[in-house]
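A.B. asks: Handing you a structure now.
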Amino acid sequence: MEKEKKKITIVDVAEKAGVSKTTISRYLNGKYEYMSAESRERIGEVIAELGYRPNNLARSLKSKYSKMLGVVVSDITSPFSPILLKGISDCCEHYGYRILIADSSDRPQKEQEYILSMLDQRVDGIILNTTGKNLEFLRELKERDVPFVLADRSLEEPLFDTVRTADRQIIFQVLRHLQAVGYERVGFFTEPLANSTREHRYEAFGDACREIFAVAARDYFLTEQADAADLLQEFLQESKGKKRAVFTANGVVTMKMLKAMQAQSVSFPADVGICGFDDWEWMSLVKGGITAVAQPTYQVGRECVKRMMYRLHRSKAAPVRNIELPCEFIVRQSI
């Protein structure tokens, strides 16, 4: 069996370069003013030759803070992400921190790679809008005391502080309002339950339907095989003769449902009411406005940074917290 490859250490680099460990440490910390150009070049060559990868996480925990946070979002193309990042950036600026941003594209392996890369760049902590599929990997980092705060999405286990919207309360509020104005059937339209946010909203909607309307939830999942147009027709047939409304899990689904309604000459609120999560700017302009749940996305970003600062500078051992920020229900003419 091939002998296990020896792990290269800072001592090996120092010996090979003919300098002290202190000089290598200064090089790794960017303190080039304490060495000659020749020494700097030689150290760089030796590091490349030996394939030395410094344990930046350990060094950062021993030394002063880098004043830099990593931020990994699951989908940079979602309108949610820029608002979240704006909140994070503004709050980091207040604390004198910079941020590194990466987009995992909802791919677990990519999420892992970006997290490791950010740790190599000595970030003090990571704010993660997680795919939710890296529990074992994140559990290992938890054991190594890597500071994380989860933004919007949670994990199966309460490993880290999580900041998210109070979905359950607002869903009950929306359905009570729909019942009060005469609606008898409400369909929940969502993309597949690929993350915790969709799962939470799906579960809360089911509970609210049973409690408020005394019926089982009517759920419709948008997939490649079942598009918005097909699902809209299915819902309209199932709720025929009733005053009915579409409730969407996010703004992307709202847009798809509105396109399907327009293509089929289905009008709101005459034929079917429509409302859902996300209050994007255009929603107040469409035919009297779309009733929406305004999420505190910017505030979620800010609260993530505040919680990270608490972890880093006040109490690393504090109990894990799940922080839920209230949403706002904005009633317009679509219901």
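A.B. asks: Which ones in region 168-193 are of a type outside the set (D, E), under 30 Å from N134 (Cα atoms) and open to solvent by less than 50 Å² (accessible area, probe 1.4 Å)? First the steps, then the outcome.
C.D. replies: Initial filter on region 168-193 (of a type outside the set (D, E)): 168-183, 185-190, 192-193.
Next cut, under 30 Å from N134 (Cα atoms) only: 168-171, 188-190, 192-193.
Across region 168-193, the qualifying residues are I170, I171, F188, F189, T190.
A.B. asks: Also: Which pairs do you get when a residue that is within 16 Å of R210 (Cα to Cα), found in region 164-185, comes within reach of a residue that is open to solvent by 60 Å² or more (accessible area, probe 1.4 Å), reach meaning Cβ atoms under 6 angstrom, with the pair 6+ apart or on two chains?
C.D. replies: Sorted first by the residue in region 164-185, then by its partner, the pairs are Y183/K243; E184/K242; E184/K243; R185/K242.
A.B. asks: Is it the case that some residue within region 211-231 is of a type in the set (S, T, N, Q), open to solvent by 30 Å² or more (accessible area, probe 1.4 Å), at negative phi and within 24 Å of the chain's Cα centre (by Cα)? Talk me through it step by step, then tell me what you get.
C.D. replies: Taking region 211-231 first, the residues of a type in the set (S, T, N, Q) are 223, 225.
Checking the rest, the ones that are also open to solvent by 30 Å² or more (accessible area, probe 1.4 Å) come to 223, 225.
Subset that is at negative phi: 223, 225.
Checking which are within 24 Å of the chain's Cα centre (by Cα) leaves us with 223.
Within region 211-231 (the criterion being of a type in the set (S, T, N, Q), open to solvent by 30 Å² or more (accessible area, probe 1.4 Å), at negative phi and within 24 Å of the chain's Cα centre (by Cα)), the answer is yes, since at least one residue qualifies.
A.B. asks: When you scan region 308-335, how many residues do you find that are open to solvent by 40 Å² or more (accessible area, probe 1.4 Å) and either of a type in the set (S, T, Y) or closer than 19 Å to G96 by Cα (or both)?
C.D. replies: 3
A.B. asks: I've got another one for you. Consider only pairs whose beta carbons are under 8 Å apart and that are at least six residues apart or on different chains; among these, list those whose first residue lies in region 309-326 and is without any contact (Cβ under 8 Å) to a residue 60 or more places away in the chain and whose second residue is part of a loop (DSSP other than H, G, I, E, B).
C.D. replies: Y310/A318
A.B. asks: Could you figure out which of (1) free of Cβ contacts under 8 Å to residues at least 40 places away in the same chain; (2) open to solvent by 10 Å² or more (accessible area, probe 1.4 Å) isn't true of G206?
C.D. replies: Unmet for G206, out of (1) free of Cβ contacts under 8 Å to residues at least 40 places away in the same chain; (2) open to solvent by 10 Å² or more (accessible area, probe 1.4 Å): (2).
A.B. asks: Which one of Q299, Q262 is open to solvent by 20 Å² or more (accessible area, probe 1.4 Å) and farther than 30 Å from D227 by Cβ?
C.D. replies: Values: Q262 fails: farther than 30 Å from D227 by Cβ.
Testing whether each residue is open to solvent by 20 Å² or more (accessible area, probe 1.4 Å) and farther than 30 Å from D227 by Cβ leaves just Q299.
A.B. asks: Could you tell me which of the residues V246, V305 is closer than 30 Å to L100 by Cα and aliphatic (A, V, I, L, M)? Outline the logic, then answer.
C.D. replies: Working: V246 fails: closer than 30 Å to L100 by Cα.
When all the criteria are applied, what remains is V305.
A.B. asks: Looking at region 294-335 only, could you name the residues that are farther than 18 Å from S154 by Cα, aliphatic (A, V, I, L, M) and assigned to a helix (DSSP H, G or I)?
C.D. replies: Across region 294-335, the qualifying residues are M309, L312.
A.B. asks: When you scan region 237-259, how many residues do you find that are surrounded by 17 or more Cβ atoms within 10 Å (Cβ to Cβ) and farther than 24 Å from W282 by Cα?
C.D. replies: 1
A.B. asks: Okay, next question. Among the residues of region 89-97, are any open to solvent by less than 30 Å² (accessible area, probe 1.4 Å), in contact (Cβ under 8 Å) with a residue 40 or more places away in the chain and not in a helix (DSSP H, G or I)? So that I can check it myself, show each step before the final result.
C.D. replies: Kept after step one, since they are open to solvent by less than 30 Å² (accessible area, probe 1.4 Å), are these residues of region 89-97: 91-92, 97.
So of that shortlist, the ones also in contact (Cβ under 8 Å) with a residue 40 or more places away in the chain come out as 91-92, 97.
Keeping just the survivors that are not in a helix (DSSP H, G or I) gives 97.
Yes; the residues of region 89-97 include at least one that is open to solvent by less than 30 Å² (accessible area, probe 1.4 Å), in contact (Cβ under 8 Å) with a residue 40 or more places away in the chain and not in a helix (DSSP H, G or I).
A.B. asks: Next up: Quick one: count up the residues across region 174-197 that are at positive phi and either in contact with a strand residue (DSSP E or B) (Cβ under 6 Å, 6 or more places away or on another chain) or at pLDDT below 95 (or both).
C.D. replies: 0
Per-residue answers, yes or no, for (1) at pLDDT below 95; (2) open to solvent by 70 Å² or more (accessible area, probe 1.4 Å); (3) acidic (D, E):
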position: G51; (1), (2), (3): yes, no, no
position: K62; (1), (2), (3): yes, yes, no
position: V71; (1), (2), (3): no, no, no
position: T77; (1), (2), (3): yes, yes, no
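The values are calculated or read from the model by the stated rules, or taken from the named source; none is laboratory data. Predicted, not measured: the structure shown is a model, and the values here were computed from it. Every residue, glycine as well, gets a Cβ built from its backbone with ideal geometry; the counts of neighbours run over all protein chains shown. Note: areas computed on protein heavy atoms with side chains; ligands, DNA, RNA excluded. Shrake-Rupley method; radii C 1.70, N 1.55, O 1.52, S 1.80 Å.
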